[in-house]
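The values are calculated or read from the model by the stated rules, or taken from the named source; none is laboratory data. Remember, it's a predicted structure, so these values are computed and weren't measured experimentally. We place every Cβ from the backbone using ideal geometry, glycine too, and count neighbours over all the protein chains shown. For accessibility, only protein heavy atoms count, side chains too; no ligands or nucleic acids. Shrake-Rupley method; radii C 1.70, N 1.55, O 1.52, S 1.80 Å.
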Amino acid sequence: MDPRTQFCPNKGCPARGKVGKNNIVIHSRKEARYKCQICGKTFAGTIGTPYYRLRYSMEVVTQVVTLIAYGCPVQAIVVAFQLDERTIRAWQESSGQHCQQVHQHLVQQPRELGHVQADEIRVKAQGKVLWMAMAIMVQTRLWLGGVVSEHRNQSLIIELIQIVRACALARPMLFCVDGLRSYVKAIQLVFRTPLPTGKRGRPRLISWPAIHIGQVIKRYENKRVVDVTHRMVQGSLETALSLIAGSKGGSKLNTAFIERINATFRSRLASLARRSRALLRNPETLTPLMFLMGSVYNFCSYHKSLRLPGIVGGHKWIPRTPAIAAGLTDHIWTVKELLLFRVPPPAWVPLKHRGQRSQVEATLIARWCS
Ligand SMILES: [Zn+2]
């Protein structure tokens with residue numbers, strides 16, 4: 001137990017969400033509880049994580065969640081661990097929602113994306129078809145997120161592009177997508193910034209410059225690719241090629257990287273879709289599952305193409321996860337570490353009121369609102 005890495009979860013506490021301010025002490029080692037010395041409240045080390053208030057040991061939950069993330073058939077887990085299917089479903093859901101929060105907190109932050117690829121896959125589930133649209137940053141292989149819908153339509157693509165927008169800095173950028181026309185419209189719609197004019201009313205939205213869109217259109221015959229067309233729909237091919245080269249993403253317009261990760265997701269989802277009665281019935285259960293798989297991919301698995309040659313010591317290669325390559329962390333995470341990551345609440349804001357602030361309040365603001 002390390003109180004220096006913990007923060008107070010109490011919503012009414014001025015110190016909420018702050019790490020390393022020496023306000024947290026160990027309350028009980030036996031019960032794994034901490035205490036905040038500012039508000040005097042105690043809290044469990046697992047609060048805000050999928051382990052909170054579970055009857056099972058952390059090890060069992062971690063093993064089950066890991067197996068789900070890699071697409072192990074649920075029936076196999078039921079038999080091997082002697083667990084009820086509903087218990088597994090509950091863990092899948094809570095850990096997936098947790099991963100979604102971690103993803104939003106760590107991955108959906110502005111960064112220079114360079115080259116992005118997006119694509120949709122068709123997931124067969126319980127007598128219906130669901131669509132999963134996802135995007136990847138090619139240079140770091142970072143999975144940027146995804147959206148699940150019953151329809152492959154404009155709103156699915158807009159939602160996906162909004163996720164990419166949340167991850168992007170206003171820098172030159174290339175999208176490589178398939179022939180779906182929704183992408184072009186969605187990218188033009190989402191990548192706009194209000195231009196402040198100083199006047200009243202809604203400011204004019206201006207499109208981001210230097211957004212390049214390339215399409216890779218494949219024509220199939222009997223499930224075989226017979227023809228591939230590459231074309232630029234927006235921007236210049238020259239810049240697009242330099243962005244592709246900068247991201248080590250091949251030598252021409254392609255969607256190979258998103259197709260690779262799609263194949264991984266599809267194979268892992270297949271066993272879950274086929275074998276279980278209720279695990280994959282609607283978009284609401286698929287979304288957390290997708291974030292669980294995406295986060296395990298980003299944080300907990302080395303990617304061979306991301307490794308760097310070692311220059312000292314006995315290591316020939318330094319392996320990296322997409323999260324390491326993107327500078328989000330300095331080491332590979334275990335699934336337990338991912339599930340134990342607590343997303344801090346937004347910083348405390350003092351209540352507004354008339355008159356002068358009291359001495360106590362002023363001290364609190366000075367200490368916690370800087
Ligand atoms: Zn507190």
Largest-first ordering by accessible area, 1.4 Å probe, given options 360, 296 | 360, 296
Mean Kyte hydropathy of -1.0 or more with a Cα span along the axis of at least 20 Å, helices from DSSP in the chain | 256-275, 283-300
Size of charge dipole - the chain - debye, nearest 20, with Cβ of Lys, Arg +1 and Asp, Glu -1, no other charges = 720 debye
Nearest-0.05 FRET efficiency for residue 75 and residue 184 at R0 = 35 Å, using Cβ-Cβ distance, is 0.20
Log10 I(q)/I(0) at q = 0.06, 0.09, 0.13, 0.14 Å⁻¹ for the chain, from Debye over equal alpha-carbon scatterers, is -0.29, -0.64, -1.17, -1.27
Provide the solvent-accessible area of residue 84, counting protein heavy atoms only and rolling a 1.4 Å probe, rounded to the nearest 10 Å².
-> 60 Å²
Which GluC sites (Glu not before Pro) from segment 107-186 combine a DSSP loop assignment with at most 15 other Cβ atoms within 10 Å?
-> 112, 150
Would you mind telling me which residue in 144, 195, 237 has the biggest mean-square fluctuation in a Gaussian network model of the chain, where springs connect alpha carbons within a distance under 10 angstrom?
-> 195
Can you work out the FRET efficiency for the pair residue 332 and residue 97, with r the C-beta to C-beta distance and R0 = 30 Å, to the nearest 0.05?
-> 0.85
Leaving ligands, DNA and RNA out of it, work out the accessible area of residue 343 with a 1.4 Å probe and give it in Å² to the nearest 10.
-> 50 Å²
Per residue, accessible area of the chain with a 1.4 Å probe, heavy atoms of protein chains only, in Å², comes to 54 Å²
Extreme residue, positive dipole direction of segment 1-59, given options 45, 12, 32 (C-beta unit charges) = 12
On the full set of protein chains, 1.4 Å probe, figure out the accessible area of residue 265 and give it in Å² to the nearest 10.
-> 10 Å²
Rg over Rh, two decimals, segment 312-370 (C-alpha only, Kirkwood Rh) = 1.32
Give the carbon-plus-sulfur fraction of the accessible surface of segment 77-196 in %, rounded to a whole number; probe 1.4 Å, heavy atoms of protein chains only.
-> 48 percent
At each listed q (0.13, 0.16, 0.21, 0.26 Å⁻¹), what is the log10 of I(q)/I(0) that the Debye formula gives for segment 183-266 modelled as equal alpha-carbon point scatterers?
-> -0.60, -0.81, -1.11, -1.29
Starting from the eigenvalues of the Cα gyration tensor, five times each then square-rooted, give me the equivalent ellipsoid semi-axes of segment 72-149, largest first, whole Å.
-> 30, 17, 11
Candidate lysines - alpha carbon under 24 Å from residue 11, same-chain residues fewer than 8 apart omitted | 21, 35, 41, 352
Could you sort 228, 74 by accessible area so the largest value comes first, with the probe set to 1.4 Å?
-> 228, 74
Say each of residue 86 and residue 305 gets a label point 7 Å from the Cα, pointing the same way as Cα to Cβ; how far apart are those two points in nm?
-> 4.5 nm
Rounded if a/c under 1.5, otherwise prolate or oblate - segment 14-157, Cα gyration tensor axes | oblate
